[in-house]
Amino acid sequence: MPRTNKQPDNDRIPSSQVSATQAEKAHSSMDRGEQEKKLHDLVQFLLIMDQKKLPIKKLDINKQVLKEHSKALPVMMKLAEEKLRKIFGIELVSLEDKQKGTYILVNTLDTDVDEQLESDPNLTLTPVDWSDENHAKTGLLMVVLSAIFMNGEVMVDSQLYHMLRKLKVDQDVTHPVFGDVKKQLTVEFVRQGYLEYTRQPNTDPPVFEFRWGFRAKKEITKRNCLDFVSQLYEKNPEEWVSQYQVVVEEEGEEEESSAS
Amino acid sequence: KIMTQMNDGHRLFLQSFMSRGILNAKEVKQLFKICCLKYKIPHPENEREAQAPLLEFVRTINNHIEPFHMQIRKGVSEDDGSSSYGLVCTSESTITKLASDYTPSELEFFKKLIEIIVASDNAEVGSTETLNLVSRLENVKKLSKDDAEDLLSRLETNKWIKMTHGKISLATRSLLELDQYILEIYQDDVEKCNICKKLCLKGQTCPSCGTKLHFHCASKLFEKEENPKCPKQGCKKAWPYEIRRTPRKEETIYSRTPEKSQKRKADV
């Protein structure tokens, strides 16, 4: 928003465009007790909303938590991010592009304890408990994401269904575990942010494309996928030259951003 | 006040509680060991020696999550006196923890279930009576009996209720999370245990003065008594029930008498 000499009435500026210093001013105008209370309400709110696995909108944050202190959002989100990371081991991610103005929570803690369980026969507890249904859905998702990745990061729907049919997962048949497979892929996984489902322009009958969604990009690395597929085919990851290239590029980007 | 910082071991422990909701004493000890092993935190081999570090570990977590109205608290089963540890929401707002996992209709159903359990003789109700609750739901989307059955199954899986021999009762997790709610809403219809002063839904009631005791509290109180008597001052009539003399198989973190453990409210 271009700066003019006369700054329009502050109340009319949507909070998403509040500058950093305005946010800081709004934050420091709250007394200490209020700052803390709002921060704690915010963290709780983010944790609860995230359970629905839908991106959390700034609008809702302002409406339900910050209210009259909406201008302080940028400062509060930074503080909330720190709390989530330090106490819960959870990362607050601000989404870009189509989902700009929303947030998701991503678990950065490695909850895999196979090594520890193998080391001692008396240990049988898996810290994070998944239902069988969740396990199965994750398996399906992994297969789909890997297929899309190996295919060059996009896959046409007919191709994907064809592949799944070979694995006895048929979109026209109610699956004993996944139920309505098409709905699981085109609605559920899309809603949760794991897949992107877009229509190819100018196609009739309509042709759709599947790509990785924003949550998949955050939670799963391309390397995970390539390793997964490599194990399946008992090959070395490097044997898939172009996919391996993508993996290396992704890791190069990560190193850059963590170094900066 | 200097707080011990949290490390990944604490975080994994906390995430486990966020995922499971409640763990029994054995599971908690395992979880502690697993977290220590994974994140290279020194952990005594001997189970007895691990108790103090475990308490300290939980205390650290509780210090950090307290501002978010969360606490890891100890609960005792009303059926067998065994201990469990649950992650509870400590703000007054009633059933918020459940709010994200269940629809408004389902929450309404659960509230009605609590109502009939409180009104029942032994804090347990039959499945038919329970399923009929669907007709009593007001101002929410209707539930079919099939929906209700599915709901009951999920409530059991998530450890809010117990279903045994066709009887449905509240599990330890509900008592931990909802004791304040129940005491508030059903003040005149529920009792507290005379010994531990906590909500007592299942227990033994003195036929003379109405004093109520948990089975396990009565067990501990009358452990060495030949002729158990009602503990209430001004009553002291003979206690007419069979005392469950359960041997102490599992080590509980408190190996003290119930009276002393009352005072330690701040501890886990």
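Observations on the structure shown:
- From the options B:ASP179, B:ASP188, residue that is closer than 26 Å to B:LYS232 by Cα and over 12 Å from the mean Cα position of the chain (by Cα): B:ASP188
- Cβ-Cβ distances below 6 Å connect the following pairs, each with a first residue in segment B:41-66 that is under 19 Å from B:LEU87 (Cα atoms), a second residue that is exposed (fewer than 14 other Cβ atoms within 10 Å of the Cβ), and a separation of six or more residues or different chains: B:THR60/B:THR4; B:ASN63/B:MET3.
- Flag for A:LYS235 being in contact (Cβ under 8 Å) with a residue 60 or more places away in the chain, out of contact with any Phe, Trp or Tyr (no Cβ under 9 Å at 6 or more places or on another chain) and either among the charged types (D, E, K, R) or not in a helix (DSSP H, G or I) (or both): no
- Enumeration of residues in segment B:25-34 that are surrounded by 18 or more Cβ atoms within 10 Å (Cβ to Cβ) and more than 8 Å from chain A (Cβ to nearest Cβ): B:VAL28, B:LYS29, B:PHE32
- Some residue of segment B:125-136 being within 28 Å of B:LYS197 (Cα to Cα), surrounded by 15 or more Cβ atoms within 10 Å (Cβ to Cβ) and modelled with pLDDT of 95 or more: yes
- Per-region count, segment A:80-111, residues within 12 Å of chain B (Cβ to nearest Cβ) and hydrophobic (A, V, I, L, M, F, W, C): 7
- With respect to the conditions (1) in contact with an Asp or Glu (Cβ under 9 Å, 6 or more places away or on another chain); (2) at the interface with chain A (Cβ under 9 Å from one of its Cβ atoms); (3) within 26 Å of A:LEU42 (Cβ to Cβ), B:LEU37 lacks only one, and its number is (3).
- Scanning segment B:51-70 for residues that are within 13 Å of chain A (Cβ to nearest Cβ) and either out of contact with any Cys (no Cβ under 8 Å at 6 or more places or on another chain) or over 22 Å from A:ASP41 (Cα atoms) (or both) yields B:THR60, B:ILE61, B:ASN62, B:ASN63, B:HIS64, B:ILE65, B:GLU66, B:PRO67, B:PHE68.
- Candidate set: segment A:112-123, residues that are more than 7 Å from chain B (Cβ to nearest Cβ) and in a loop (DSSP other than H, G, I, E, B); chosen: the one farthest from B:LYS26 (Cα to Cα): A:ASP112
- Pairs with Cβ under 7 Å, 6+ apart, first in segment A:143-164 and under 21 Å from A:THR221 (Cβ atoms), second among the hydroxyl-bearing types (Ser, Thr, Tyr) and modelled with pLDDT under 95: none
- Among the residues of segment A:60-71, at least one is more than 14 Å from chain B (Cβ to nearest Cβ), touching an Asp or Glu at 6+ places or on another chain (Cβ under 8 Å) and more than 21 Å from A:LEU195 (Cα to Cα).
- Condition check for A:HIS40: within 14 Å of another protein chain (Cβ to nearest Cβ) and more than 16 Å from the chain's Cα centre (by Cα): yes
The values are calculated or read from the model by the stated rules, or taken from the named source; none is laboratory data. What you are looking at is a predicted structure, and each value in this text was computed from that prediction instead of being measured. So basically every Cβ, Gly included, is an ideal-geometry build from the backbone, and we count neighbours across all protein chains shown.
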